[in-house]
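Trainee: Pasting a structure below so you can have a look.
Only the coordinates and a few stated rules stand behind these numbers; no lab work does. Small disclaimer: the values here were computed from a predicted structure and weren't measured. Reconstructed Cβ throughout: ideal geometry from the backbone, glycine too, with neighbour counts over all protein chains shown.
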Amino acid sequence: MSKRRDRHARGIRGPLARANEVTGAPVPLRKKPPRLEVFRRAVQTSVDQIATACPRALTGMAIGYEDVPGIVPSWQDRAPLARATPARPGEPGHVVLYRRPIEFRAPTPAELRRLVHHTLVEQLSATTGIPCDELDPHFDPDDWDD
């Protein structure tokens, strides 16, 4: 029997590797970035791609994200992925992506980036009237159909 106890089955307590021999400091372990940061990067990458392909689509548009949408009784089983409102005279249009429903539908970070980009392109196309293939030349309309 070991001399150290494993209270509450929490596993090993303490460092898993020896300290750096030169500095004496423990070796830092790499951590996965938080999900919010992964989502934020995916949105920024998508906006940058759209700005490169069709800069006029982002003129007069504000793009952001929220964790979850407000509850609406008309939903059946699913929460929306995004909401878009067109621009009005004197105020910009808005596209709001909902982080948690998108994360729920995307099992991997690569799929998350694809779904964020697909959702943003569709919302901008619906709001601005610019075709999806002009916003993204590689856009596949059959991608992510449920």
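Trainee: What ranking of Glu91, Glu111, Glu21 emerges when the number of other C-beta atoms within 10 Å of each C-beta is taken as an exposure proxy, fewest first? Working shown, then result.
Mentor: Details: Glu91 10, Glu111 14, Glu21 6.
Ascending Cβ contact count within 10 Å gives the list Glu21, Glu91, Glu111.
Trainee: Taking R0 as 25 Å, what's the FRET efficiency between Arg88 and Ala53 from their Cβ-Cβ distance, rounded to 0.05?
Mentor: Working: r = 25 Å, r/R0 = 1.02.
Efficiency, from the Cβ-Cβ distance: 0.45.
Trainee: Considering all projection directions equally, how large on average is the shadow of the alpha-carbon convex hull of the stretch 58-146, in square nanometres?
Mentor: Values: hull surface 26.4 nm².
Projected area, direction-averaged: 6.6 nm².
Trainee: Identify the chymotrypsin sites (Phe, Trp or Tyr not before Pro) of the stretch 68-130 meeting these criteria: DSSP loop state and at most 11 other C-beta atoms within 10 Å of the C-beta. Walk me through the intermediate numbers first.
Mentor: Details: sites: Trp75, Tyr98, Phe104; in loops: Trp75.
Here the sparse-neighbourhood loop sites are Trp75.
Trainee: What shape does the stretch 107-146 take by its C-alpha gyration tensor, where a ≥ b ≥ c are the square roots of the eigenvalues and a/c under 1.5 counts as rounded, a/b above b/c as prolate, and the rest as oblate?
Mentor: Working: a/c = 2.06, a/b = 1.94, b/c = 1.06.
Note, shape of the stretch 107-146 comes out prolate.
Trainee: If you place +1 on the Cβ of every Lys and Arg, -1 on the Cβ of every Asp and Glu, and leave all else neutral, what size is the dipole of the stretch 35-78 about its Cα centre, to the nearest 20 Debye? Kindly include the intermediate steps, with their values, before the conclusion.
Mentor: Working: 5 positive and 5 negative charges, 26 e Å.
Computed charge dipole of the stretch 35-78: roughly 120 debye.
Trainee: Report the antiparallel proportion of the DSSP beta bridges in the stretch 57-141 as a percent, rounded to a multiple of 5.
Mentor: Details: 5 of 11 bridges.
So the antiparallel bridges in the stretch 57-141 amount to around 45 percent.
Trainee: By counting other Cβ atoms within 10 Å of each Cβ, how are Cys132, Cys54 ranked from fewest to most?
Mentor: Working: Cys132 16, Cys54 21.
By the 10 Å Cβ count, ascending, the order reads Cys132, Cys54.
Trainee: What is the distance in Å between the Cα centroid of the stretch 74-146 and that of the stretch 35-69?
Mentor: 10
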